[in-house]
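No lab work stands behind these numbers, since they all come straight from the coordinates. The structure presented is a predicted model; accordingly, all values stated were derived computationally and were not measured. Every residue, glycine as well, gets a Cβ built from its backbone with ideal geometry; the counts of neighbours run over all protein chains shown.
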Amino acid sequence: MRMKSLVLIAALGAVAVPVAAWAQRDPAYAAARAAGEVGEQPDGYLGVVGSGSASLRALVSNINIQRKAAYTQKAQASGATVEQLAFTSGCNLIAQTKPGEKYRTPGGSWETRGAGAPQRDPRCV
């Protein structure tokens with residue numbers, strides 16, 4: 001059963017690209033990401049690093065609403081769960097971070113991506 005889940009999760013990895021593309025069109029998102037105010041999380045959703053302003057929290061909430069809608073649509077079409085799609089996207093989005101960008105480790109701490117690979121959940125394929 002675990003192998004079947006991993007195969008399904010690997011097959012759904014392409015979800016991260018369109019989801020990330022939406023947010024990258026927003027200059028406020030790009031500025032917050034460059035400033036280390038937001039980062040990718042293992043659950044597939046964007047997070048606010050620290051407390052953040054009300055406008056930043058609203059921006060992140062809006063992006064996460066869009067992500068959940070995309071995950072839900074893909075889940076219905078593929079037979080996967082929303083959580084499986086979100087997790088797979090989280091794996092991919094963290095892998096796609098660039099040096100200097102923030103991401104949340106599997107242990108829950110915020111890290112700044114260095115030149116090497118980011119720390120990802122061992123279930124990421």
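Students often forget the sequence filter, so: which aspartates and glutamates lie under 18 Å Cα-Cα from LYS74 once same-chain residues fewer than 8 apart are removed? The reachable aspartates and glutamates, counting only those whose Cα sits under 18 Å from LYS74, are ASP43, GLU83. If R0 is 41 Å, the Cβ-Cβ spacing of ALA117 and ALA69 corresponds to a FRET efficiency of close to 0.90. Backbone phi angles across the range 84-98, fed through the Karplus curve with coefficients 6.51, -1.76 and 1.60 (θ = phi - 60°), yield HN-Hα couplings of 5, 5, 5, 4, 4, 5, x, 4, 5, 5, 5, 4, 8, 4, 9 Hz in residue order; Gly and Pro are listed as x. Highest average first, the peptides 89-96, 56-63 ordered by how many other beta carbon atoms sit within 10 Å of their residues are 89-96, 56-63.
Scanning residues 5 or more positions from GLU101 or on other chains, those with amide H under 5 Å from its amide H are ARG113, with H placed 1.01 Å from N in the peptide plane.
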